[in-house]
Amino acid sequence: MSVPYETAAYEPAESPESPEEHLARLLGRALNSFELPDEAIRQLDCALAHDSSLHSAHHSAGLHRETYRHTWLLADGSAVTLWELVHNTAPGSDPQAEVYVDEEELRAATARLPLPPDTPDFELPVLMTLAAVPEPRHVYVPDDSADHARRLLRRAENPDRPDTETAHTLETAFAHQITQAFGRPGRAGRGGLSFSLYEHAFLLSDGRELSLWEVEHTATPDGRHMCEVYPSESAARQAMERRAAQRS
């Protein structure tokens, strides 16, 4: 019978855990945590989000075996996975936990148990699965990113700037990157006008990315610099076209 093993040690925490707290709880219950390479643990210091899911389970004649996949999303957009093996050594005995850095080590450890080889018997739905999140396109820098988003939206002068829902979502930003977008639409830049387009990419606490597109230009009656912010690159470039056409 393949069902999750029910024990308090493997139930979700009562309140959301930080990536550091989740790692500490995993290492604290693993009997072999001292065998993990220091490099594998150090790189998790910059984790921004984490996810856990039951990978497989097998129960037979009082013996239990479960494997769990724990994944952390790092600030550079990469992901690191640790594999946890939970089992008991005799019918009715307390469960023991071991943790491994790759599936090969996990399979070797599983083969030593008096149960069938480890296979992914089933997958459980989870609230947030990092594997379902597109691979980030940016190298993010952990910073006061939520405040950066607030300041960006505050200086935007266009009436169709991103709404309050977007501002609320960006309150969970952990890191961000600013890049200048090259290329310009047809008439933008003519007549001595200055146009610059920037992408402000934010990494949210749940692993999602959200970008705002900033247009800086001098297509104003007095030639002063103006900042506009849009939710997509296409909307920003269309705005540049409109401003350039108005001054033609």
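The values are calculated or read from the model by the stated rules, or taken from the named source; none is laboratory data. These numbers were taken from a predicted model, which means no experiment stands behind them. Using ideal geometry, Cβ is built from the backbone for each residue, glycine included, and neighbour counts are taken over all protein chains shown.
Determine whether Ala236 is crowded, with 19+ Cβ neighbours inside 10 Å, at pLDDT 80 or above, more than 30 Å from Ala146 (Cβ to Cβ) and not acidic (Asp, Glu).
When the stated conditions are applied, Ala236 does not pass them.
Taking interchain pairs and intrachain pairs at least six residues apart, which have beta carbon atoms under 8 angstrom, with the first residue in the range 25-46 and assigned by TED's automatic domain parsing to the domain that holds Asp76 and the second assigned to a loop (DSSP other than H, G, I, E, B) and surrounded by 13 or more Cβ atoms within 10 Å (Cβ to Cβ)?
Taking only residues 6 or more apart or on different chains, the pairs are Arg25/Glu17; Leu27/Leu36; Leu36/Val101; Pro37/Val101; Ala40/Val101; Cys46/Ala75; Cys46/Asp76.
Among the residues of the range 49-59, are any out of contact with any strand residue (DSSP E or B) (no Cβ under 7 Å at 6 or more places or on another chain) and loosely packed, with under 15 Cβ neighbours inside 10 Å?
No, that holds for no residue.
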